[in-house]
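The structure appears below as structure tokens.
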Amino acid sequence: IAERRHDIGMLRAIGASRRTIIGLILAEGVLQGVLGTLIGMALGYGMGAGILYLMRSLYRDFLHLTIGDPVLEPALFVRTILLGVGVTLLAGLLPALSASRMSPLEALRPVVPEQSGRRITRSTIAGVALLVVALLALFSRNARAAGLGGLLFLIGLVLVAPVLVRPIAAFFSQVLAMIVAREGTGELARSNVVRQPGRAAVTASATMVGLAIIVAMGGMVWSLSGGFLGTLQKSLGSDYLFIPPAVGVWGNNVGAKNGLADRLRAVPGVGVVSTLRYAAATANGKALSLLGIDPTVYPKVASLNFQEGDPATAYTDLGRGRALIINGVFAAQTGLHPGDTVRLTTPTGQQSYQIIAVASDYLNAKVQTAYIAQSNLQRDFRKSEDIFIQLNLAPNASAAAVEPKLKAILKDYPQFRLVSGKSFFEENKQIFDQTFLAMYALLAVLAAPSLIALLNTLAIGVIERTREIGMLRAIGATRRQVRRIVLAEALLLAVIGTAFGLLAGLYLGYVLILGLGSAGYPVAYVFPSNGLIAATIIGILLGVVAALFPARQAARMNIVRALRYE
């Protein structure tokens, strides 16, 4: 629309109504939306199939799971089309209304730079208010309030961006002048950016959203990786694991009587053997997986990751009376806390158990689970078979001497697979790395809209300043200097968007971690220092890449034609 002001003015001058102008622009939006949606659906299917292909062998080898082709439901097509076309129409609505209000005389005049760069407008005040509310929501540590605050934070940054464009551009133009810009080109680039602070703010906001998602997801990925791998190390860090075919879905497994554990304990060089037992139950009307542990032996080979309760006394208390340790998912679903009482439906009738702590382990992090003493599991649920075994070697024992004996015993129990704790950790770490690698690829794709926004703004700026560029060339400016001006302008826009993106990304990343905690997956927040560095580099590269075509276009402009441009 900025490029076609004169065309719109001519249409209005020869009698085109406001409705005609709005319909013309919205029709373009529909065409662009349909085309973009079709291309996006094809690319999305290809990306999904590619990710599944990369992870298929990993899941087959390590988790014994078979992954098929992407499944596309009809509802997904409908949502995709509605979003693809709807967003394009929505994006064109405000420009269409703005263009329709433009009088023919106003549209035919040359573009006048905005004069609102330093004014504090109502939008600015509203933006500041939204930022304050968002920060208060974050400090409340309430996941729902912080989630809403994340949206308010983004909107607030967009609203205050026009006022911040001028001071940020003034500061970084001096830095650019010392690094890449010479002979006043940095100052010219700054003046071009602040000439249209509203447009610069919109471009910076597009960059902000892309980079904010990169920083936020990066922070969540690093936090999840460290949190889950730490939980894995604590709960499954024994020397050897005897793993059934299915983990987490314990009811599908065939267990073993106590004879297997006794035979393992009798092997020379074996130190401690801890077993896990399973029973299905309902608690307060909700399905619950009960895992029986020996409170005395289990802490010697593993440890739960505690969110509430005292880890020093929890295992001892578990063996006294009817007591439960519930995991985070069950606590989040029921709102139960240590000290509360829950009624379990058992084969012997309903029994009341007291909750003494909230803690989770790696294998059962996603399933509603409670940990119970094996003595209570046998008394109330009649379950005594072992479905999972962990083993530690005795001090100074040789793994090379003990392992063949363990394998020989397991020949009588083919339902178990012997894995060293170190190997199991490396397998799961590799799965995490592969999964997060796919997420990094998706994050890279999210940088594309920022690049397009920068390219679009720079190209429009070059078109609008055709005569100005012609004047610079006429009074002696070289093509290299013109290219430097456009490059410096692109870098300024990228830096502004990057600064906003880093702030928003840190906020959103912390909100995501709070959300995981409220859903029963507590993870310690890891400050994404590497993500900030990566986002900064990506932001600068976006500015450089976006400037290539407009800078080349401006440098090759014919001087005479440029001076005659209207």
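The values are calculated or read from the model by the stated rules, or taken from the named source; none is laboratory data. Bear in mind that the values here come from a model prediction, so they are computed numbers and not experimental data. Backbone-built Cβ (ideal geometry, glycine too); neighbour counts: all protein chains shown. Protein only, heavy atoms only, side chains kept; ligands, DNA and RNA dropped before computing areas. Shrake-Rupley method; radii C 1.70, N 1.55, O 1.52, S 1.80 Å.
Worth a mention:
- Percent of Cα-Cα distances greater than 13 Å, calculated over region 366-406: 71
- Ligands, DNA and RNA left out, the accessible area of region 313-440 computed with a 1.4 Å probe is 49% carbon and sulfur.
- Gain in span if fully extended, residue 394 to residue 561, counting 0.36 nm per residue against the direct Cα distance: 51.4 nm
- R0 of 30 Å, Cβ-Cβ distance residue 20-residue 549: FRET efficiency to nearest 0.05: 0.40
- If R0 equals 60 Å, the separation of the Cβ atoms of residue 352 and residue 38 corresponds to a calculated FRET efficiency of about 0.50.
- For a modelled paramagnetic label at residue 80, 7 Å from Cα along Cα-to-Cβ, the residues of region 22-53 in reach, with backbone nitrogen under 11 Å, are 37-49.
- Working note: Cα atoms of region 429-566, range along each principal axis, descending, whole Å: 68, 27, 22.
- Here the 3J(HN,Hα) profile of region 131-139, calculated from phi with Karplus coefficients 6.51, -1.76 and 1.60 at θ = phi - 60°, is 5, 5, 4, 5, 5, 4, 5, 5, 5 Hz, Gly and Pro shown as x.
- Relative to the longest principal axis of the Cα atoms of the chain, the long axis of helix 197-235 makes an angle of roughly 10 degrees.
- Excluding ligands, DNA and RNA, the accessible surface per residue across region 353-471 is 45 Å² with a 1.4 Å probe.
- Electrostatic tally near residue 97: other residues with Cβ closer than 12 Å to its Cβ, Lys and Arg +1, Asp and Glu -1, net +3.
- Note that region 491-566 presents 47 Å² accessible area per residue, ligands and nucleic acids not counted, probe 1.4 Å.
- Gyration tensor analysis over the Cα atoms of the chain returns equivalent ellipsoid semi-axes of 62, 25, 22 Å (largest first, whole Å).
- With respect to the chain, whose longest principal axis is taken over its alpha-carbon atoms, helix 479-518 is tilted by about 30°.
- Equivalent-ellipsoid semi-axes for region 264-372 (Cα gyration tensor, √(5λ), whole Å, largest first): 24, 15, 13.
- The shape of region 251-325 can be summarised by an equivalent ellipsoid whose semi-axes, obtained from the alpha carbon gyration tensor, come to 25, 19, 10 Å from longest to shortest.
- Between 0 and 90°, nearest 10: helix 143-179 axis offset from the chain longest Cα axis: 50
- Put a dot 7 Å past the Cα of residue 254, heading toward its Cβ, do the same for residue 135, and the two dots end up 6.4 nm apart.
- Straight Cα distances below 24 angstrom link residue 405 to the lysines 257, 300, 422, with same-chain residues fewer than 8 positions distant left out.
- Partners for residue 286 among lysines (Cα-Cα distance below 23 Å; same-chain residues under 8 apart left out): 366, 383
- Label point distance in nm, residue 125-residue 286, each placed 7 Å from Cα along Cα→Cβ: 4.6
- Using every pair of separate Cα atoms, the Kirkwood estimate puts the hydrodynamic radius of region 490-537 at 11.9 angstrom.
- Mean-position separation - Cα centroids, region 442-498 and region 387-429, in angstrom: 62
- Additional length obtainable on full extension of the chain from residue 519 to residue 401, 0.36 nm per residue less Cα span: 38.0 nm
- Spin-label pair residue 47/residue 337, simplified geometry with 7 Å Cα→Cβ offset, distance in nm: 4.2
- Over the chain, Cα pairs under 8 Å with separation of 6+ residues give a relative contact order of 21 percent.
- Other residues lying with their Cβ under 12 Å from the Cβ of residue 411 contribute a combined charge of +2, Lys and Arg counting +1, Asp and Glu -1.
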